[in-house]
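Report on the following structure.
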Amino acid sequence: MDKVAFVVVRYGLDVNGGAEYHVRMLAERLVGRYDVEVLTTCVKDYITGEKHYPVGEELINGVRVRRFNADPINADMESSYWRKTKKARKLRRFLYRIHLLTPLSYLFPVWRYQAADELNLLNSHVFYSSQLFSFIEEHKDAYKAIIPISIDFPQMHYAALAAPEKTIVIPTMHNHSGAFRSILTSVFTKVAYVAFNTRAEEKLGERVFGHALAPHGIISVGINIAEPADWEMTQAKYKLPAEYLLYVGRIEVTKLHHIFTYFLSYKEKYKDSRLKLVMVGGLFSEPFLHPDIMYTGFIDESEKIAIIQHAKIIINPSKHESLSLILLEAMSLKKAMLVNGLCAVLKEHCKESHNAALWYTTKRGFIKRLRQLDVSEALREEMGEKGFNYVQKNYKWDLIMERLVQQIESLK
């Protein structure tokens, strides 16, 4: 049986990051057809970089997980290299904005400006693991396919360039500064295939890397809907209110984009609203404390599904998404979504689903859309039906796995 290795920064049943969950769903569905492994680090908390899991192997739902120590880091050095490499990112992003980056790819398919410093930046990252990357280099011939995920981490760079001819990258790419690093051109012009999640992400990749972009297309991922936990027990455990706006994901500043101030402005304007804001997920930044805002911390999948089912409205306030699993989960459960329209991917979901989700770009827009959803059960039900049909049509597992297996089998 051929071996396939996914490469991701962290992995486990208790990890709730989108990219990590993305890998777990794909990996577990390849079990039986391939000998599936996940190559990862011992780190769980990306803020501290502390070792959480032991070094070695673990079998999780048929997937062999190999964990390696991350190297000691120097946060000051990482910050220094981030500042030092700013010019390259700013230049490439400026050229992108004035629509010159794509035509320039004919002359400069691979950029080397500040690439050496960008490599030092990767080597200073909390997830940098020389042991992991040495393992890939030494054992690359044992695998039919190597599949790293997420452009933001050193795992993609080192895994992809160790054996580009057998590498399928899943970029989870969005329009932010890190997407314009020069060093990424070496990866995205050499690998066997680039597996995007949505057409909006694919268009971004085509514009950033131009004609030299490796063969590519949309594979994406489906969703798992666990059996919901008992609602009365879950509601009592987390002291959940009768009506709530729900956020699910990592609780960190870069993901939340004014959600607290926007929500409190809504509550100030519409004092008759009974909505509370419930935040589900691990805390990676200081909590915003207010009587109308509640935190559950990390919860298991069955509890998450129960909490989604009983939410009045689900929100994704992030500007940076390549897919949004919570949106697909909410839609599959016929829940109305409110999303940040500054994110091209989320806005695309709204349009393609015929407004199964509503988008906003300003505080005023947020307040207007939230009010529409808060007061109209008929609108929420209509959006729920549209969302369910959208997910059924576009994110079926048999279609997604057929695409992935096709690309794996095409590798020489």
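The values are calculated or read from the model by the stated rules, or taken from the named source; none is laboratory data. Quick caveat: nothing in here was measured; it's all calculated off a predicted structure. Here the Cβ is made from the backbone with ideal geometry for all residues, glycine too, and neighbour counts use every protein chain on show.
Numbers below:
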quantity	calculated
Criterion violated by Glu382 - all others in (1) in contact with a Lys or Arg (Cβ under 8 Å, 6 or more places away or on another chain); (2) surrounded by fewer than 17 Cβ atoms within 10 Å (Cβ to Cβ); (3) farther than 21 Å from Tyr21 by Cα satisfied	(1)
Any hit, region 75-85, residues being at pLDDT 95 or above, charged (D, E, K, R) and either in contact with a strand residue (DSSP E or B) (Cβ under 9 Å, 6 or more places away or on another chain) or assigned by TED's automatic domain parsing to the domain that holds Ala159 (or both)	no
Criterion (among the polar types (S, T, N, Q) and out of contact with any helix residue (DSSP H, G or I) (no Cβ under 7 Å at 6 or more places or on another chain)) met by exactly one of Ser129, Ser177	Ser129
Pairs where the first residue, in region 359-385, is of a type in the set (Val, Ile, Thr) and the second is surrounded by 13 or more Cβ atoms within 10 Å (Cβ to Cβ) and not in a strand (DSSP E or B), C-beta under 7 Å, 6+ apart	Thr361/Gly341; Thr361/Leu342; Ile367/Ser265; Ile367/Tyr266
Tally, over region 389-412, of residues that are within 12 Å of His354 (Cβ to Cβ) and at pLDDT 95 or above	2
The one condition in (1) in contact (Cβ under 8 Å) with a residue 40 or more places away in the chain; (2) surrounded by fewer than 21 Cβ atoms within 10 Å (Cβ to Cβ); (3) closer than 18 Å to Leu213 by Cβ; (4) aliphatic (A, V, I, L, M) that Met77 fails to fulfil	(3)
Filter result for the condition that a residue is modelled with pLDDT of 95 or more and surrounded by fewer than 18 Cβ atoms within 10 Å (Cβ to Cβ), over Lys144, Lys166	Lys144
Within region 55-89, considering residues that are among the basic types (Lys, Arg) and in a strand (DSSP E or B), the one farthest from Arg181 (Cα to Cα)	Arg64
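So that you can scan it fast, the table gives a plain yes or no per residue for (1) within 10 Å of Leu246 (Cα to Cα); (2) of a type in the set (Lys, Arg):
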| residue | (1), (2) |
| --- | --- |
| Lys271 | no, yes |
| Thr296 | no, no |
| Ile308 | yes, no |
| Ala311 | yes, no |
| Glu321 | no, no |
| Ser324 | no, no |
| Leu327 | no, no |
